[in-house]
Structure formats: structure tokens, C-alpha cells
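Read the structure below first, then the notes.
The values are calculated or read from the model by the stated rules, or taken from the named source; none is laboratory data. All of these numbers come straight from a predicted model, not from anything done at the bench. Here the Cβ positions follow ideal geometry from the backbone for every residue, glycine too, while neighbour counts run over all protein chains shown. The protein model used for the area step is the full one, side chains on, heavy atoms only, and it has no ligands, DNA or RNA in it. Shrake-Rupley method; radii C 1.70, N 1.55, O 1.52, S 1.80 Å.
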Amino acid sequence: NFKSEEEEEEASRSRSALTNKKGTMFLSSALRRCGYGASLRGCTASSTALAQRNFSRSIAPLAGRREQKSALSPQHCSVKGSLVSKASFGDQKRNYNIHEADAQALMAKYGVAVAKGEVAESAKDAGEIAKNLKSQGINDFVVKAQVLAGGRGKGHFLNGYKGGVHLCSEIEEVEEIAGNMLGQRLVTKQTGPQGKPCNKVFVTERCFLRKEAYFAILMDRGSGGPMMVGSSEGGMDIEAVAAETPEKIHNIAISLADGPSEADLKDLAEKMGFTHDDENAQAVTIMKNLYTLFDSSDATLIEVNPMGETHDGTIYCLDAKLNFDDNAVYRQKETYSLRDESQEDPREVEAEKMDLNYIGLDGNIGCLVNGAGLAMATMDAIKLNGGDPANFLDLGGGAGVDQVTAAFKILNDDQNVVAVLVNIFGGIMRCDIIALGIIKAANDLGFQKPIIIRLAGTQVEAAKKLIDESGLRMLTTDDLQEAAQRAVRVAEIQKLAKEAHLSVKFDMPL
């Protein structure tokens, strides 16, 4: 029931954004293109648990990209822009990331040369690490905030301290820098204004490089398998390199069955600037070792920027980023144990524990739905009626009372949510189970936020009876449009009351 052609076109764009030209659903990128505008800025590094169930490994690293067009190389590579962009890789749940220090340690296990360094959780520990490095003849240090976001060097902390990466040469400086970082929140171009907590710093030796290159291995949708990407322009913004000088980006499509060939690796190393025999051989060995790590650990991305050569001819891998496929957690316990949940949205972490598909957004109308398609349609309805969804929450088909209660707890704890719209189609999921969960949540949690319920399908009459007999005030309807309108109106009442410095209380008991 569209009011105008413009609304119909907007809804059409929302639905078509869910599917790329080959029909593959890309939820996280679709959310940004659904016409929800500013309400979607809250998507975070752990944005979609749904992706982990629906995306094949070969296309997962590309799922969150704003564009699916070729950029790094028009001939081969189908990815665009920075391979480490939070907006690119962090917006889907499929990939879980690890901190730079952990990535360095993991690469070292595979025979890759990395800078010496350790992680500190206090300023005193940072000073001790610097002292230890000093005893090894190292006189220049780098202190890096361990935050899962790009652009740390140009970021700032909420306490006013500038920069998440600092160079220094004195132990006292290391302690001072660490003290300014630890326990603070770092804001970068990828974190949003709230920033991310810095609970650790990486104190490492400073390597003086005479040559810097860029190297990455990722799963490429265009070639249907792994791809190596290299450039002689290391230590720079690879997105800018791709845009301004795409001829400096070189790619190798790799067969999963055969792996990279020696000839291809030598050629890529040469194009990356390692032309002499010794350095070329070093680079080839590093690429082989990184590919072994990539394949054996179920990685979806290994990115090194820079891969640099020091004055003595040794090639080091510095500032690495590693992403892994969390569908392989059952056989990758070691890498998964490195996951830092403090860097993720706590609501999404809690939802994952209860096997709920949850994405936090920036609106004020909470959504609880079963099924991704119905969830998107529900958000369409809210938006077309002038509201803003606060989340995507898909119960799936097999949720029980405890999961429904957990879902409501997440919505109850979200200060942005002023009303909840429940839209359930009872197919596999029975409506009476949803009703029992709602009633239990309202009683156990003291849930005071207004609830608008639209139920249809299996056991719907039993569900309505349970709600009627519960003694709780809930707005029920059989029509989605009406449910969305009611939810938007309730949210508007809350907004107007807040602007007038008034409080509004919605009493659940009759």
C-alpha cells in the first residue's frame, strides 16, 4: 500500500539492494543501501550473524562492500578500495578479526619475519617491555593502541590525546604514551564517535625501511578462490593507490587445489619491487608461508602493509591484519581464542551467545521478527511510515522461550529503543512460543516499553489467548501496516515528550 510512486521506488530499491547481480544476498551492504540513511551508521564489526550462515566462504570477504565493481585491477580483482576498511570487512559477522600483536605472533609461527615486541596492559608493563628491547640493542620504539579499527595513527582518544600510534626513543616516553592510551576509547574514521576501548598497547621495535611494499591474500569472488594482491606502493593508503594508479596493483588468482605457482610468486615479488635475487627469494618464501597460514587457518584475509626491507636486506611483515571465517571455529580453537569481545557491540555479543541474529542500528523502534526477509519487510514498513528501526533481530525458526526472553532483554537494555514491534509469521516458529517468551520477558525483566504485536500463522489463536489472559497491556493487530503505524506513533510520543522535558510511562500491567 504505497502512498506515492516515490515510496514504491524506495521500497523496490530496498529489496533489490539485498541481491547482487547474481542473486546472492548481501545483508550488511544492503542495510546501508536500503534508504534508512543515518539510522544505519551503527553497524559495527560484528554486524551480521546471519551472514555466517548464508554466505559461502569464497565470497564472504566481499559481502560488506559498498560496491561489487572491480577497482584494484580491472582485469582480475573484483574488490574495491582498502582491503582493511572497517566499512568493507567489519560490517559482516562472517569474519572475526584479531589484534595486530596477535597477528604478528601468528605469522612468526609460520616462519615470517616480524618486528620484536610485546603487549602491555599497563604503563609500567610497557616500560618494562621497552627496557627489555633496549637490552637487545633496540633504541627506537613504536607504541600502538590495540584497537580493531583502521586509521589508528590519525585517530584521537576521548580524553583528548592525539594518535593511536606513536614513535619514541626513551623508556619514559613509552610509559607516558601507554598511560595516555590505556583505559581510554580511541576514535578513528572507522569506529564512529563513541570510539573503541584500548585495553592493550603493542610496544615494538621501530624498523627503518629502505623499501616498502603491500601484500594481501583474500577470497576473491570474481575468480572463485583465493587471490594474492601486491603493490610496490607499500606503507600508503592502498585505496588511494587503487584509485590514482591502478596499474601499480597486481593480482594472482590461485587455485585451491594447486596453490600458487613458483613462477607466479616470483613475478609478483618482482612487481612489488623485490627485483634482486636474494630479496626476491625472501619475498617468495614469505608469500608461500603466508599462503600456508591463510589456507590452514581458514582465513578470509591476510593483509600486510607494509612488507618492508631493512638496510641489512631482511624483509619484515609489519602492521598485519588477519580475518578468519567463524564457520570454522570448531577446528580453529586457537585463533578463535584470540577474539576480543570488548571490541564488539555488547548487544551483538550477547545475541550471538543465544544464537540470535542481531544487528544494532541507530533508530528507536526495536524489531523482533522471524526470518530475514520478513525482518527487512518490517524495517521497510517502519521507514515508510516515518520511523527508524533500532535493530535487525531475527529469531530464526527454532527459537524457544528462553531465546525470546533473551531477545527482549537486549531490547530492554538498549536505551535508544522506546517501542518494540514484534512481527511473527508462524511457520516453523509457533506463535504461542513467541507469546510465552514475551510474557516471561515482561514479567521477569519488568519490561515497561510499549510492545506492538502482529502475529499470524501456526498457533496464532492460542498466542492471542495467552496475551489476553496475561494481564499485560500490548497493542495487537493482524495487519503489518497498522502495526508499523502504531509503533511509529508511540516512538513520536516519546520523542515529543523528551523534547518538552517530560517523561512518559507506559504501564504494562492493566
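Annotations
- Here A435 fulfils each of the conditions (1) within 31 Å of the chain's Cα centre (by Cα); (2) at pLDDT below 90 apart from (1).
- Residue in the range 211-221 that is among the aromatic types (F, W, Y), modelled with pLDDT of 90 or more, surrounded by fewer than 16 Cβ atoms within 10 Å (Cβ to Cβ) and more than 30 Å from P346 (Cα to Cα) present: no
- When residues in the range 395-432 are screened for being open to solvent by less than 10 Å² (accessible area, probe 1.4 Å), of a type outside the set (A, V, I, L, M) and either within 14 Å of Q459 (Cβ to Cβ) or modelled with pLDDT under 85 (or both), 2 of them pass.
- Filtered residue count, the range 247-261, keeping only those that are open to solvent by 70 Å² or more (accessible area, probe 1.4 Å) and in contact with a helix residue (DSSP H, G or I) (Cβ under 7 Å, 6 or more places away or on another chain): 1
- The range 358-417, subset touching a strand residue (DSSP E or B) at 6+ places or on another chain (Cβ under 6 Å) and polar (S, T, N, Q), residue nearest to E348 (Cα to Cα): N391
- Set side by side, the residues E247, E205 differ, and just one is within 17 Å of G308 (Cα to Cα) and over 27 Å from the mean Cα position of the chain (by Cα), which is E205.
- Qualifying residue in the range 385-400 (condition: closer than 15 Å to C367 by Cβ, of a type in the set (S, T, N, Q), out of contact with any Gly (no Cβ under 9 Å at 6 or more places or on another chain) and not in a strand (DSSP E or B)): yes
- Q459 vs. criteria under 23 Å from K498 (Cα atoms) and surrounded by fewer than 23 Cβ atoms within 10 Å (Cβ to Cβ): no
- Residue match in the range 168-178 (condition: assigned to a loop (DSSP other than H, G, I, E, B) and open to solvent by 30 Å² or more (accessible area, probe 1.4 Å)): yes
- First in the range 400-416 and more than 11 Å from G437 (Cβ to Cβ), second anywhere and of a type in the set (F, W, Y) and in a loop (DSSP other than H, G, I, E, B), Cβ under 8 Å, 6 or more apart: N412/F447
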